[in-house]
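The values are calculated or read from the model by the stated rules, or taken from the named source; none is laboratory data. Everything numeric here is computed off the predicted structure, so don't read it as measured data. Ideal geometry is used to build each Cβ from the backbone, glycine not excepted, and the neighbour counts take in all protein chains shown.
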Ligand SMILES: [Ca+2]
Ligand SMILES: [Ca+2]
């Protein structure tokens, strides 16, 4: 509160560093620097020539933290704290923290230690200018969608004090977050679980996926328990086809074994003979198919040999009945 007849003027001097030049007109005045030191007193009505000035030191610090990992296209969150760690209240703090891969979708803001958010919530990228009392913090929690398909990305959170302040060495204008596509490897076998996630760096991340069981380090891609290709599924049976689908092996006969036709079922086309069932059979040269009830080529040959033998025996018997040797 100023007594009657007192006025205070301030002029910004654009030197390097810039400073504020105060002029005080008062019958009784005491000029006290923000540092707390008394600069001058005046007991008359003459203006106080204030030739001393103090640097307006600022110490704005930004910090960025990733909060989520998510597959392509899913929401992820990151937190950005903007703190005024200095001893003066500051306004006009420039602020932005946009994702490089696309705009944020929404944000929330909480004021800590006396700070007041410009708004509690918002859409898109949050932005300054911000006003912060000394030793206070604004905490933003920002939501964006992970890129789809996943690409590498960055978040540059930048909080900059007004240009007429002198930045303290402890100021942190820029806080960077880097994001990339990685797989989470929970069992430490070097292979991560699918799907790939968009994530900040972490010790449990790897660049190779495909782990069918990320709780068991003995299950890794390239084995029958976690196949990557059909050769991982070889069961040694030449009459089955080995298939790898989504990390799991299956084995199907190389010939389809259709069920016998239902005797009670009506034939929709009497002129068409019912399909003959087939089955897989092993042969010396691999695996083949034959129609059920019809001898395979191999068994037909054996039958022919057997019939030939029977004919030979009949002829021998006939000769004996004739008295011939
Ligand atoms: Ca693993
Ligand atoms: Ca595993």
Suppose we keep only residues that are under 30 Å from residue 137 (Cβ atoms) and without any contact (Cβ under 8 Å) to a residue 60 or more places away in the chain within the stretch 165-199. Which one would you say is farthest from ligand 2 (Cβ to nearest atom)?
169
May I ask you to list the residues in the stretch 90-117 that are surrounded by fewer than 19 Cβ atoms within 10 Å (Cβ to Cβ) and more than 20 Å from residue 77 (Cα to Cα)?
91, 92, 94, 113, 114, 116
From the residues in the stretch 200-227 that are over 17 Å from residue 244 (Cβ atoms) and buried (at least 19 other Cβ atoms within 10 Å of the Cβ), which one is farthest from ligand 2 (Cβ to nearest atom)?
200
Considering only residues that are touching a strand residue (DSSP E or B) at 6+ places or on another chain (Cβ under 8 Å), more than 10 Å from ligand 1 (Cβ to nearest atom) and in a loop (DSSP other than H, G, I, E, B), which ones fall in the stretch 197-222?
200, 201, 202, 207
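Got a number for residues in the stretch 85-115 being part of a strand (DSSP E or B) and either modelled with pLDDT under 95 or within 17 Å of residue 63 (Cβ to Cβ) (or both)?
14
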Filter result (within 13 Å of the chain's Cα centre (by Cα) and part of a loop (DSSP other than H, G, I, E, B)) within the stretch 186-196
192
How many residues are more than 16 Å from ligand 1 (Cβ to nearest atom) and surrounded by 18 or more Cβ atoms within 10 Å (Cβ to Cβ) when one looks only at the stretch 173-188?
4
Can you pull out the residues in the stretch 228-249 that are assigned to a loop (DSSP other than H, G, I, E, B) and buried (at least 16 other Cβ atoms within 10 Å of the Cβ)?
239, 247
When you go through (1) closer than 21 Å to residue 72 by Cα; (2) modelled with pLDDT of 95 or more one by one for residue 140, which number turns out not to apply?
(1)
